[in-house]
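S.K.: Please read through the structure below; I'll follow up with questions.
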Amino acid sequence: MLIREWLCFPLWVCGLVIFFSSCQPGHKQPINDGLLKNNNTESERLTEWLNNEYAKQLDFSPMNKTRLGDKSANGELDDVSEAAMFEQLEWYQDSVNQLLDDFEYAELNDEAKRSFDLWVYHLRQAEASLKYRRHQFIFGRYGPQSSLPNSFINYQIVETRQDARDYISRLNQSGHYLMQYLERARLGALDGIRPPFFDYELAISEIKRVLTGHPFNEDGESVLWNDFKGKVRDLSVKGVIEESEVNDFLVQAQNALLRQMLPAYEEILKWLIDDLKKASSVAQGAWALPDGEAYYQHRLEKMTTTELTAQEIHNIGLQEVGRIRMEMEQIKDSVGFDGSLADFFSFLRDDDRFYYPNTDAGRADYIAEASEILSEVDNMLPNFFGILPKAGLEVRRVEAFREQDGGAAHYRRGTADGSRPGVFYAHLSDMRAVSKFRLPSLAFHEGLPGHHMQISIQQELDSLPMFRTHKGYTAFSEGWGLYAEWLGKEMGGYPDPYSDFGRLSGEMWRAIRLVVDTGIHALRWTQAQAETYALENSPRPESSVKAEVRRYFNNPGQATAYKIGMLRIQSARVNAESKMNDAFDLRNFHDQVLGSGQLPMRMLQDKLMAWSDQSLVTENRSRP
């Protein structure tokens, strides 16, 4: 799973996926930008123009610049108001109009045509999302109540005196930033849009954890105070600042936390507690929201980058659950287990041999094993891939203020220059929710050759316009992550039946998601129905199942992207293998999938179809 960080802007690009068969420009007018009056080809001119446009687009989001390793706006927070959404959309419409006027589509090479199409595609998403701009649950999972502290702790690098000032500057803006989100939550509530009751409870809990400790109270040190103090004192140790400056910085940070951040959190906390009384005591899917059926279809198209309906996705899920159950039965029989598949699930949930102790030593052993698996996989990669990542990778436990029992593991990308490594995060507060037999496939998914490899390669593709090295599509990224789990078997990464069963249980869970997500949001399943179905078809621990089902209520459609994306990548591989026969090269296929960055599914399939056709032509020409 990828933590929500791909989007440059908080909401407006979260819209409907609209495909277009072609983006032929209309009337072509002379280019006015002197920067582009040169002898470059049309494709080179387009890349240069897009890089300039993307730089302007990034100016709307100082926080995204920081995540990308750009410190030029490190002292500013984003404008996350509704007014800013409209301003950004108007800018993007002007940009696309210029694109259509100034470039000759027919003169572009294939990769440049993809860039052209994608720039327009993102605008269409943004325009379609406008009517649903209040449907996002603001203070839900990964909401600003936890994502803002997380941004300070994990992205706000402090290496210079100016970096410390920038950190304080952002702390001083934190109240305004949080209050903009509160205003949007209030507007949503006025429209009858409220998250499930457990999202309120989670947000309340996270805020209380952020506000625990100095300077907010005397219960130890708060996570933000501890982070800032450690970073500033490290400057002193390294001789970057004088020891006398440390206290001055600490006083400024304390004032910002108490005068800006604390009042905002307190007002949000009060509103959440009051508004919780108005929320339904029974979790309901997207169907219960205003224009809920259309909204859910919008989300499915956005997340899967296909036009599949809820019923079609539900049926695919049922078929996949049935297929995977048969493979699970085969492994159950192979290990000599005497009992039903449900009994085998209970055995895997309950037997201590499959879990590390719920202790700090057990957690350290879990992280050490994950790191060892990834090291072994790294050595296998050249046999399956031509393009390899350069960036480093670390395995870490999720920070205490946002950790949840049974929470989903996730990946946070590093920077393209390698200054910040990618991180595979695991929730380890409940060690019974993280089995040993699932760890190999999880490492494949979050690390290598999954998210870390795919995203690192994408960021390192210097031949593409910059926006394509940063932007993503859930179906591609999560589809690739699940494909990476499946590929792990071919790579020899599951040495025993239990680890292979762990792979199957991971794939089963993504198939279950197709059934459960559509069940909740289109077929009006209850929370209990969703949990029961998941438990009956998976060995996943109950605490993890409950946490996951709550996640699906919070983020309609997102859970369907994994399996749909995987199936589309597998289908493209089968088609290429069938068409090319002996000419098929797996390393080349993988390089083709990853070599253009992330693409919507139809665009990826079109690319792979053209590649296999061209490869056949080349192969036939080379024969005597």
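FYI, it's all coordinate maths here, none of it is from the lab. These numbers were taken from a predicted model, which means no experiment stands behind them. As a convention, Cβ positions derive from the backbone with ideal geometry for all residues, glycine included, and neighbour counts pool all protein chains shown.
S.K.: Go through the range 489-524 and name the trypsin sites (Lys or Arg not before Pro) that are in a DSSP coil and have 16 or fewer other Cβ atoms within 10 Å of their Cβ.
M.R.: R524
S.K.: For E221, enumerate residues with amide H under 5 Å from its amide H, sequence gap 5+ or separate chain, H modeled in the peptide plane.
M.R.: Hits under the 5 Å cutoff: H214.
S.K.: Turning to a different aspect of this structure: Rounded to the nearest 0.05, what FRET efficiency do V282 and N255 give with R0 = 35 Å and r taken as the Cβ-Cβ distance? Could you check?
M.R.: Step by step, r from the Cβ atoms, then E = 0.20.
S.K.: Taking R0 as 25 Å, what's the FRET efficiency between E87 and D191 from their Cβ-Cβ distance, rounded to 0.05?
M.R.: Once the sixth-power term is evaluated, E becomes 0.70.
S.K.: On a full-extension model of 0.36 nm per residue, what is the gain between T359 and S346, subtracting their alpha-carbon distance, rounded to one decimal in nm?
M.R.: The T359-S346 span can extend by a further 2.4 nm.
S.K.: Loop-only check: which GluC sites (Glu not before Pro) in the range 309-367 are DSSP coil with at most 15 other Cβ within 10 angstrom?
M.R.: Sites meeting the loop and neighbour criteria: none at all.
S.K.: When L171, L123 are ordered from fewest to most other Cβ atoms inside 10 Å of their Cβ, what list results?
M.R.: Least crowded to most crowded, the residues run L123, L171.
S.K.: Based on DSSP, what percent of beta bridges with both residues in the chain are antiparallel, to the nearest 5?
M.R.: Percentage antiparallel, nearest 5: 30.
S.K.: Measuring from centroid to centroid over Cα atoms, what is the spacing of the range 157-215 and the range 362-378 in Å?
M.R.: The two parts, judged by their Cα centres, are 33 Å apart.
S.K.: Given 0.36 nm per residue, what is the gain on full extension from D496 to E42 after removing their alpha carbon distance, in nm?
M.R.: 158.1 nm
S.K.: Moving on to the next point. Karplus couplings for the range 244-255 from phi (6.51 cos²θ - 1.76 cosθ + 1.60, θ = phi - 60°), rounded to Hz, Gly and Pro as x?
M.R.: For the range 244-255, the Karplus-derived couplings read 5, 7, 4, 5, 5, 5, 5, 5, 4, 5, 4, 4 Hz, x marking Gly and Pro.
S.K.: How much FRET efficiency would the formula 1/(1 + (r/R0)^6) give for S334 and D582, where r is the Cβ-Cβ distance and R0 is 30 Å, rounded to 0.05?
M.R.: It comes out at approximately 0.35.
S.K.: How would D613, D199, D582 line up from fewest to most surrounding beta-carbon atoms within 10 angstrom?
M.R.: Starting with the residue having the fewest Cβ neighbours, the order is D582, D613, D199.
S.K.: At 7 Å along Cα-to-Cβ for each site, give me the label-to-label distance between S571 and R233 in nm.
M.R.: Placing both labels 7 Å beyond Cα along the Cβ direction yields 5.7 nm.
S.K.: Hand me the GluC sites (Glu not before Pro) from the range 209-252 located in a DSSP loop with no more than 12 other Cβ atoms within 10 Å, in residue order please.
M.R.: E218, E242
S.K.: Could you tell me which of F501, V516, A576 has its Cα farthest along the dipole of the range 495-587 towards the positive end, charges placed at Cβ (Lys, Arg +1; Asp, Glu -1), taken about the Cα centre?
M.R.: V516
S.K.: Still on this structure, I have one more. Determine ³J(HN,Hα), in whole Hz, for all residues of the range 159-169 in sequence, where each value follows from phi through the Karplus function 6.51 cos²θ - 1.76 cosθ + 1.60 and θ = phi - 60°; x replaces Gly and Pro.
M.R.: 10, 9, 4, 5, 4, 5, 5, 5, 4, 5, 4
S.K.: Work out from phi, with θ = phi - 60° and the Karplus expression 6.51 cos²θ - 1.76 cosθ + 1.60, the ³J(HN,Hα) of each residue of the range 541-548, listed in order in whole Hz, and give x for Gly and Pro.
M.R.: In residue order, the calculated couplings are x, 4, 4, 5, 4, 4, 5, 5 Hz.
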